[in-house]
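The values are calculated or read from the model by the stated rules, or taken from the named source; none is laboratory data. None of the values given here were measured: they were computed from a predicted structure. Note that we place each Cβ from the backbone using ideal geometry, even for glycine, and neighbour counts take in every protein chain shown.
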Amino acid sequence: MRLVIAVVQDKDSNRLSAALIKDGFRATKLASTGGFLRAGNTTFLIGIEDDRVDEVIQIIKSNCKVRDQLVTPVSPMGGTTDAYIPFPVEVQVGGAAVFVLPVERFEHF
Ligand code: 2BA
């Protein structure tokens, strides 16, 4: 068994959960916050059999979009705060950051 952890944008989370449920996957959604943007995102925990990992990744791929987002850094990239004037920079966010972990044991009561 594997645990797929997928960090996705909030805008994609409803569509992704609907697609997972439609194809018979069980998932848990956690409200999370990106360390860089400090904005809300959604983390999915999906427990599945090894041979369905690729299927899940394909569903995530087709339901999560890459978007450009303007962000004003809260502190200078270089570290010094002298004469720091913040200005927005564009970053590309998502579609998804996906981790696949082996599961040693799973109990479901
Ligand atoms: P955030 O940490 O808020 O990052 C949002 C986007 O900002 C990232 O998109 C990336 O384009 C940019 N970014 C992040 N850290 C950066 C840095 N140090 N310098 C310049 N740009 C940076 P994604 O890579 O698509 O990540 C989207 C969200 O997925 C992240 O939100 C974070 O919550 C999660 N994530 C991505 N990689 C991760 C990892 N290796 N471990 C844990 N969570 C991760």
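Being within 12 Å of the ligand (Cβ to nearest atom) and among the aliphatic types (A, V, I, L, M) narrows it down to one residue among ILE46, ILE5, ILE21, ILE59; which is it?
Details: ILE46 fails: within 12 Å of the ligand (Cβ to nearest atom); ILE21 fails: within 12 Å of the ligand (Cβ to nearest atom); ILE59 fails: within 12 Å of the ligand (Cβ to nearest atom).
Just a single option satisfies the conditions, and that option is ILE5.
For segment 75-103, how many residues are more than 15 Å from the ligand (Cβ to nearest atom) and either modelled with pLDDT of 95 or more or among the acidic types (Asp, Glu) (or both)?
3
Considering only residues that are within 13 Å of ILE60 (Cα to Cα), assigned to a strand (DSSP E or B) and free of Cβ contacts under 8 Å to residues at least 60 places away in the same chain, which ones fall in segment 1-49?
Matches in segment 1-49: ALA27, THR42, THR43, PHE44, LEU45, ILE46.
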